[in-house]
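J.: First the structure, then my questions, so here it is.
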Amino acid sequence: MGHLPRMVADPWAFLRTLPAHGDLVTVMIGPQAVHTLCDPALLHQVLVDDRRYDKGGPLFDKAREVLGDGLATCPHEVHRRLRRLVQPAFHPSRLPGYADLMARQIADVIDGWQDGQVIDVPGQTHAIAAGVATTTMFSTRIDPRQVAATRRSVQIAMSGIYRRLLTPNGLDRLPLPANRRYDQARARLHRTVDDIVTRACDGPGTDHGDLLSTLLAASDGPDGLSPREITDQVVTFFVSGVTSITSGLAWALHMLTQHPDLADQVHQEADDVLGGRTATWQDWPHLGLTRRFVTETMRLYPPGWIFTRKVTAHTHLAGRILPAGSVLAFSPYLLHHRPDLFPEPERFDPGRWTPERAADIPPYAYVPFGAGPRKCIGETFTLLQSTLVLASIAARWRLHPVPGQRVRPALRATLVPRRLHLRLEARP
Ligand code: HEM
C-alpha cells in the first residue's frame, strides 16, 4: 500500500509534509515509486526538458483514456506540430471575440438568480464555464440538449480519472456500475464531439470566430490536423478548460464570503468599473484587484493540483540516478503552500500579487498553469474569463455562507469543493 492510505485520506495534508524530506522525495503509491519534485528550480529543470521528462505516468495514462492524444496528453514526439497547429485558436487577436461570448454566457446564468436564493456553487460555476466553452468552441453549432449531456459526461469522466488512478490495475476493467458509467460517459462525450466535428468538416469553411474554426483551418494541407486529432483537441479543451475554471471560480466565490473586507474592495472595484452591468473586454484592464483575487485563489486552491511525467532515458536528477521509465510528479499545491516561498501560506492575501510584492516570489514557485513547452495554452483565456465572471457577480450580488457548512476539497483530478452552497443577496 505504501503511502496510498495517507494519500487517499488527505492528499493535500500529505503533500504539505513532503518538502521537509528534500527536493526530490519518493512516494510509494502501492508498488509504484513516484519521485515528487518539491523545489521550484528542480521543477523548472524538469519542465523545460520535455523530451527527457515526457508526459506519462499514472495520471496521464488515465487521462489519455478520456482525452486521447490531445495537446495536454500527447507525447513529446508529436507535441510541437500539434501546438503549432492549435496555437492560432488562442492568439491574442481572438480574445476580444471570446470575451463577448463570455459576457453573454455570464449574463445568461446570473440573470436567472433570485434575491435570497441558495445556489449550489460548483453547479453554477460549471454552468458558466460549460456555456462559455461550448459557445467559444462551437459558436452556434451545438444543440442545447447536447450541452447538458456533455456537461454530465465530463463530470463523470473527471471523477472517474482520479478514482481509477488510485484503484489497483485490473479493477478498473471489471463490469462494475462505476466503470460502466465511466465508459458510457467517455463514449458519449466522444460521440457528441465527433458529430459536431463531422458536421463542421462537411459544412462551408466559414470562420465563425470560434475555436473550432481555427482548428478546421489547421486541417488543410498534408501536415494538417486529421478529424480524429480535431476531436481529441476539442475534448481536451472542453474537459481541461471547463473543469479547471469551474473549480477556480467556485473557490474564488468561497473566498469572497470568507474575507468580507476583501470582498468589499472587489465590490467597490466592480461598482467603479461596471456600475451594475456585466463585464466586457474593455473592462478587463481596469479590474486589477479582481484579477489579483483570482490569482491568489489559484495559489491557495490550484485547480490542477498534481501532474506526472515519465523519465525517457537513464538520468541524474537532484543527486539521484533515475532509470528510464521512472515516474515523477509535481504539485502546484505543494509549492504554493511552502512557507519559505509564500510566507504564511494558508493566509488568503491578494496583496501578494501587487507588482512590488510579486517581485519577491521566486521563479517557478507559482505554477497553476505549469511551465515550459507544455505550459497551459488556455492561461490568458482563463484569467480573462475568471476575472469577468467574478467582477460581474460582484457588481450585482453579495454572497453569504450557509451556516453549518464545512467546505473541503473533493477527491478528484481537479481541486473542487466537495459541497459549497451560498446565499445570494441582491446589491442595491
Ligand atoms: C483554471 C484554469 C486552468 C488551469 C488551472 C490549467 C492548468 C494547466 C496546467 C497546470 C497545464 C500543464 C500540465 C502539465 O504540465 O502536465 C495545462 C496544460 C494545458 N491546458 Fe490548461 N488550465 C486551465 C484552463 C485551460 C483552458 C481554459 C484550456 C483550453 C480552452 C486549457 C487547455 C490546456 C491544454 C491544451 C494544455 C496542454 C498544453 C500543452 O501541452 O501544450 N486549460 N493546463
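The values are calculated or read from the model by the stated rules, or taken from the named source; none is laboratory data. Computed from a prediction, not measured in an experiment: that's the story for all the values here. Counting neighbours? That spans all protein chains shown, and the Cβs are built from the backbone with ideal geometry, glycine included. Just so you know, the surface numbers come from the protein's heavy atoms only, side chains and all, with ligands and any DNA or RNA stripped out. Shrake-Rupley method; radii C 1.70, N 1.55, O 1.52, S 1.80 Å.
J.: With labels modelled as points extended 7 Å from the Cα through the Cβ direction, what inter-label distance (nm, one decimal) is found for SER226 paired with ALA359?
T.: In this crude spin-label approximation the distance works out to 5.2 nm.
J.: Grab the DSSP H runs of the chain that are 4 residues or longer, score each as -39,500 (n - 2.57), total them, divide by all residues and round the 222 nm result to the nearest 500 deg cm²/dmol.
T.: After summing the helix terms and dividing by residue count, I get -15500 deg cm²/dmol.
J.: How do 258-270, 297-309 rank on mean C-beta neighbours within 10 Å, highest first?
T.: Top of the packing list down: 297-309, 258-270.
J.: For segment 1-108, what relative contact order do you get, as a whole percent, if you take Cα pairs closer than 8 Å and at least 6 residues apart?
T.: That works out to 15 percent.
J.: Using only alpha carbon pairs under 8 Å that are at least six residues apart, calculate the relative contact order of the chain and give it in whole percent.
T.: Value for the chain: 26 percent.
J.: Rounded to the nearest 0.05, what FRET efficiency do ASP340 and PHE14 have when you use their Cβ-Cβ distance and R0 = 22 Å? Mind showing how you got there, number by number?
T.: On the way: r = 19 Å, r/R0 = 0.86.
So the FRET efficiency works out to roughly 0.70.
J.: Whole-Hz ³J(HN,Hα) for each residue in segment 92-97, computed from phi via Karplus 6.51 cos²θ - 1.76 cosθ + 1.60 with θ = phi - 60°, x for glycine and proline: what do you get?
T.: x, 5, 7, 5, x, x
J.: Can you sort ARG180, ARG423 by 1.4 Å-probe accessible area, starting with the largest?
T.: On the way: ARG180 120, ARG423 95 Å².
Heavy-atom accessible area, descending, gives ARG180, ARG423.
J.: Another question about this same structure. Toward the positive end of the charge dipole of the chain, about the Cα centre and with charges on Cβ (Lys, Arg +1; Asp, Glu -1), which of SER226, LEU189, PRO428 goes farthest?
T.: After comparing all options, I get LEU189.
J.: Ok, one more. Taking amide H positions as placed 1.01 Å from N in the peptide plane, with prolines and chain starts having none, which residues 5 or more places from LEU24, or on another chain, fall under 5 Å of its amide H?
T.: Amide H neighbours of LEU24, under 5 Å, 5+ apart: CYS38.
J.: Kirkwood hydrodynamic radius for the chain: how many Å is it when counted over pairs of different Cα atoms?
T.: 22.4
J.: Something else about it: For segment 35-47, what does the Karplus curve 6.51 cos²θ - 1.76 cosθ + 1.60, with θ = phi - 60°, yield as ³J(HN,Hα) per residue in whole Hz, taken in order and with x for Gly and Pro?
T.: Each residue of segment 35-47 in turn: 8, 9, 7, 10, 10, x, 5, 5, 4, 4, 4, 6, 5 Hz.
J.: Enter the accessible area per residue of the chain (Å², integer; probe 1.4 Å; all protein chains in place).
T.: 42
J.: Let me ask something else. Measure off 7 Å from each Cα along the Cα-to-Cβ vector at ALA107 and ALA410, then give the distance between these two points in nanometres to one decimal.
T.: 3.1
J.: Taking the Cα centre of segment 4-426 as the origin, how large is its charge dipole in debye, to the nearest 20, when only Lys and Arg (+1) and Asp and Glu (-1) carry charge on their Cβ atoms?
T.: 1360
J.: Now, a different point. Considering only DSSP beta bridges whose two residues both sit in the chain, what percent are antiparallel, to the nearest 5?
T.: 85
J.: Measuring from label point to label point, each 7 Å out along Cα→Cβ, what is the TRP281 to ASP120 span in nm?
T.: 3.5
J.: Hey, another quick one. Ignoring ligands, DNA and RNA, what percent of the 1.4 Å accessible area of segment 4-426 is carbon and sulfur?
T.: 54
J.: While we're looking at this one, here's another question. Over the heavy atoms of GLU356, what accessible area does a 1.4 Å probe trace out, to the nearest 10 Å²?
T.: Its accessible surface works out to 130 Å², give or take rounding.
J.: Quick one: what are the phi-derived ³J(HN,Hα) couplings along segment 176-192, Karplus 6.51/-1.76/1.60 with θ = phi - 60°, whole Hz, x for glycine and proline?
T.: Result, rounded to whole Hz: 7, x, 5, 5, 5, 4, 5, 4, 5, 4, 4, 5, 5, 4, 5, 4, 4.
J.: Here's a follow-up. Stretched out fully, how many nm does the piece from LEU4 to GLN32 gain, at 0.36 nm a residue minus the Cα gap? Intermediate values should be presented prior to the final figure.
T.: Numbers: separation 28, 0.36 × 28 = 10.08 nm, distance 1.01 nm.
Fully extending the segment from LEU4 to GLN32 adds 9.1 nm.
J.: OK, next. Calculated FRET efficiency, ARG84 and ALA324, Cβ-Cβ r, R0 22 Å, to nearest 0.05? Don't skip to the answer; put the middle values down first.
T.: Numbers: r = 28 Å, r/R0 = 1.26.
About 0.20, to the nearest 0.05.
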